[in-house]
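Peer 1: Dumping the structure here so I can ask a few things about it.
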Amino acid sequence: MSFPLLATAGTLKVDKAKSRIQVDAKATGHEFTGTLSDFSAKITGDDTTLKPTGVDLTWKFADLKTSEEKRDQEMIKWLGGGAPEGSFTFTKTWTDKGKNYAMGNLKIHGITKAISFPYTTQKDGDWVTIDGTATLDYEDFGLPIIRTMAVMTVNPKLAVRFHLVGSIK
């Protein structure tokens, strides 16, 4: 006699000290990475299959640090000044050729665009780790090409890497 596995819903309580969200940028002659020092994440899903059912991520761009204060200040100006924020809201997931993919709406600079990306999940006891990289073009969000000193340009293609670790509640 066999019993079907029953899916159970869980909420992932993200441990920010063990997690990171980083943005990799390439510019003329160099590369740099910005790291979010703070963010808010609400993640729900099936704690058996580790498939997400909801992801709501929000952040303030003032918390995106590149290790150069002047560059960080210029980024805020480039985003329109004030206190710009961003968000990601999950919409669906699927598997293709053995890889898991997620799709959601990314909002930056007041513009929302659908993005999709591969991700992996691992479970160790009550701890879950979610890793992935999403690529985007900042021009899609109404932002101009970044040029300084007439010769340096920041490539509009960015990679957003995430490593989220949390416990299932």
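The values are calculated or read from the model by the stated rules, or taken from the named source; none is laboratory data. Keep in mind that what you see is a predicted model, and the values were worked out from it rather than measured. Please note: Cβ atoms are built from the backbone with ideal geometry, for glycine as well, and neighbour counts cover all protein chains shown. These area figures cover heavy atoms from the full protein model, side chains too; ligands, DNA and RNA do not enter into them. Shrake-Rupley method; radii C 1.70, N 1.55, O 1.52, S 1.80 Å.
Peer 1: log₁₀ I(q)/I(0) of the range 81-129 at q = 0.31, 0.32 Å⁻¹, via Debye over equal Cα point scatterers, no solvent, to two decimals?
Peer 2: -1.08, -1.10
Peer 1: Mind checking the full-extension length gain between K26 and E74? Use 0.36 nm per residue of separation minus the Cα-Cα distance, one decimal, nm.
Peer 2: Length gained between K26 and E74: 15.7 nm.
Peer 1: Which pairs in the list K42/K157; K60/K169; K51/K169; K26/K77 are over 23 Å apart, alpha-carbon to alpha-carbon?
Peer 2: Exceeds cut-off: K42/K157; K60/K169.
Peer 1: If the viscosity is 1.002 mPa s and the temperature 20 °C, what Stokes-Einstein diffusion coefficient in µm²/s follows for the chain when Rh is the Kirkwood radius over Cα pairs?
Peer 2: 124
Peer 1: Over 20 Å between C-alpha atoms is what I'm after, so list which of K16/K99; K16/K107; K18/K99; K18/K65; K13/K99 land there.
Peer 2: Cα-Cα > 20 Å for K16/K99; K16/K107; K18/K99; K13/K99; rest within.
Peer 1: Sticking with this one: If you fit an axis through the alpha-carbon atoms of helix 69-78 and take the longest principal axis of the Cα set of the chain, what angle between them do you get, 0 to 90°, nearest 10?
Peer 2: The angle comes out at about 90 degrees.
Peer 1: With the full set of protein chains in place, find how many percent of the accessible area of the chain is carbon and sulfur; take the probe as 1.4 Å. Don't skip to the answer; put the middle values down first.
Peer 2: Values: 5580 of 10210 Å².
Carbon with sulfur: 55 percent of the solvent-accessible area.
Peer 1: What is the local net charge at W59, summed over the other residues whose Cβ is closer than 10 Å to its Cβ (Lys, Arg +1; Asp, Glu -1)?
Peer 2: -2
Peer 1: Tell me, what is the percent relative contact order of the chain, built from C-alpha pairs under 8 Å that lie six or more residues apart?
Peer 2: Computed over the chain, the figure is 25 percent.
Peer 1: Express the accessible area of the chain per residue in Å², computed with a 1.4 Å probe while the remaining protein chains stay in the model.
Peer 2: 60
Peer 1: As a test of reading the structure, rank R147, R20, R71, R161 by solvent-accessible area (1.4 Å probe, protein chains only), most first.
Peer 2: These residues rank, largest area first, as R147, R20, R161, R71.
Peer 1: Would you compute, from DSSP H runs of 4+ residues alone, the mean residue ellipticity of the chain at 222 nm, taking -39500 (n - 2.57) per run and dividing by the full residue count, rounded to the nearest 500?
Peer 2: It lands at -1500 deg cm²/dmol.
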